[in-house]
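S.K.: The structure is given below, and queries will be raised subsequently.
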Amino acid sequence: MPGPGASRIIGAVYDTGTESVALSIVVPIFNEEEALPVLAARLRPILDGGGEPYEVVAVDDGSTDGTARLLEDLRTVWPQLRIVTLRRNSGHQAALTAGLHRSLGAYVISIDADLQDPPELIPDMLALARADGLDIVYGIRTDRSADSGFKRRTAAAYYWLMRRLAGSYVPAQAGDFRLLSRAVVETLKTLPDQQQIYRLLIPWLGFPGGQITYQRAERVAGATKYPLHKMVLLALDSVTSFSAVPLRLATAIGAFSLVLCLAFLTWALTVYAMGRTLPGWTSLIITVLFFGAVQLFCLGMLGEYVARIYTAVQARPTYSVASDTQDDHPRQ
Ligand code: UDP
Ligand code: MG
């Protein structure tokens, strides 16, 4: 990897000393042996047609199927293909981080391996960034009819919540198909954030950005690697890394409950003073259960933030690179 000072941006090309890369395509890959040949067949002509030096950074996120061998085979006939192998499966965002950190291009485009996002848009994204001097071009999914109804509804809820919690700068339906300039990538590298949730973090940086819209296609092969529990984790991470609102919510709920309790207490004491006692089992059990639930909920929320602090303090790297074909021919 080029050290500080070893690299500089010259025109549209990021000069790493001995070789220049105009465009890096970062592809996180986890068990995509079926999708890979199709991806290569569609991606390569587009990139070759661009006539500029490029690299495809394929991040093998601990695949256990034939992905690794397939990538090696592809590389023998496609010299621009660079394989970064992670030691174990670290998740989509971590694989993306590894790819971004190791990319060399003046522009970097991240794209999924399953071809749900059309590589044909890559030249358009690049042209838009150059024409308008943009640092970010978001791929916006206008039509998600190819995704399941459940996926669409949960995604809509996610973006709704994020716009509320993290601010309106989060473009709705922007996934991880996007273009970043070298300046953005270098800025991302300096952030100490452990779980970088790019679709929220990148808009937050405030670089000038544009959009390009497309229809989301179906997965070309294989099954989604995002089961429900991972979606829930992403949503929880997104909330806790961008908003303290839930913590304040706990305070608000606490204050509200206190008022409610005081009112109830006054009423109960008044009735008692008047010589009547209440047959209270139902009200008692409802109160106990209700406040028990509220307390556990608030405790859980607090726990989410503590967990975040815990991971931040541990400061473990989110990924570990076993090999990078680039290191065989260092560029500096
Ligand atoms: N992926 C990854 N590591 C994982 C899960 C997924 O690198 O642990 C990759 C996967 O191979 C794909 C991309 O991340 O290229 C997006 O995953 P997927 O298509 O399964 O997610 P969905 O489109 O269903 O949200
Ligand atoms: Mg997908």
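S.K.: Inside the range 75-130, can you point out the residues that are among the small types (Gly, Ala, Ser), more than 16 Å from ligand 1 (Cβ to nearest atom) and in a helix (DSSP H, G or I)?
M.R.: Answer for the range 75-130, where residues must be among the small types (Gly, Ala, Ser), more than 16 Å from ligand 1 (Cβ to nearest atom) and in a helix (DSSP H, G or I): 127, 129.
S.K.: So for the range 233-244 (the condition being within 26 Å of residue 118 (Cβ to Cβ) and either buried (at least 18 other Cβ atoms within 10 Å of the Cβ) or within 14 Å of ligand 1 (Cβ to nearest atom) (or both)), does at least one residue qualify?
M.R.: Within the range 233-244 (the criterion being within 26 Å of residue 118 (Cβ to Cβ) and either buried (at least 18 other Cβ atoms within 10 Å of the Cβ) or within 14 Å of ligand 1 (Cβ to nearest atom) (or both)), the answer is yes, since at least one residue qualifies.
S.K.: Next up: Residues of the range 310-332 being at pLDDT 85 or above, in a helix (DSSP H, G or I) and either of a type in the set (Gly, Ala, Ser) or loosely packed, with under 11 Cβ neighbours inside 10 Å (or both), which ones?
M.R.: 310, 312, 313, 314
S.K.: Looking only at the range 28-51, count how many residues are over 18 Å from residue 219 (Cβ atoms) and either surrounded by fewer than 17 Cβ atoms within 10 Å (Cβ to Cβ) or within 16 Å of ligand 1 (Cβ to nearest atom) (or both).
M.R.: Residues meeting the conditions: 6.
S.K.: Going by the structure shown, is residue 188 part of a helix (DSSP H, G or I) and at pLDDT below 85?
M.R.: No; evaluated as a whole, the condition is false for this residue.
S.K.: Another question, if that's okay. Which of the residues belonging to the range 203-226 are over 21 Å from residue 181 (Cα atoms) and small (Gly, Ala, Ser)?
M.R.: 217, 221, 222, 223
S.K.: What are the residue pairs meeting all of these: first residue in the range 111-125, first residue more than 10 Å from residue 219 (Cα to Cα), second residue outside any loop (DSSP other than H, G, I, E, B) and within 12 Å of ligand 1 (Cβ to nearest atom), Cβ atoms under 6 Å, and 6 or more apart or on different chains?
M.R.: 111/27; 111/177
Yes or no, residue by residue, for (1) surrounded by 15 or more Cβ atoms within 10 Å (Cβ to Cβ); (2) over 30 Å from residue 313 (Cβ atoms); (3) more than 16 Å from ligand 2 (Cβ to nearest atom); (4) under 17 Å from the mean Cα position of the chain (by Cα):
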site: 133; (1), (2), (3), (4): no, yes, yes, no
site: 136; (1), (2), (3), (4): yes, yes, yes, yes
site: 148; (1), (2), (3), (4): no, yes, no, no
site: 183; (1), (2), (3), (4): no, no, yes, no
site: 188; (1), (2), (3), (4): yes, no, yes, yes
site: 198; (1), (2), (3), (4): yes, no, no, yes
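S.K.: Just give me the residues in the range 209-259 being within 16 Å of ligand 2 (Cβ to nearest atom) and either among the small types (Gly, Ala, Ser) or in a loop (DSSP other than H, G, I, E, B) (or both), in sequence order.
M.R.: Result: 216, 217, 218, 219, 220, 221, 222, 223, 224, 225, 226, 227.
S.K.: When you look at residue 290, is it surrounded by 10 or more Cβ atoms within 10 Å (Cβ to Cβ), closer than 30 Å to residue 165 by Cα and either out of contact with any Pro (no Cβ under 6 Å at 6 or more places or on another chain) or touching a residue at least 24 places away in the same chain (Cβ under 8 Å) (or both), yes or no?
M.R.: Yes: the conditions hold for residue 290.
S.K.: What pairs can you find where one residue is in the range 219-234 and more than 18 Å from residue 197 (Cα to Cα), the other is more than 8 Å from ligand 1 (Cβ to nearest atom), and their Cβ atoms are less than 6 Å apart, with a gap of 6+ or different chains?
M.R.: Taking only residues 6 or more apart or on different chains, the pairs are 220/38; 220/115; 221/34; 222/34.
The values are calculated or read from the model by the stated rules, or taken from the named source; none is laboratory data. All values derive from a computational prediction rather than experimental measurement. No Cβ is skipped: glycine too gets one built from the backbone with ideal geometry, and neighbour counts run over all protein chains shown.
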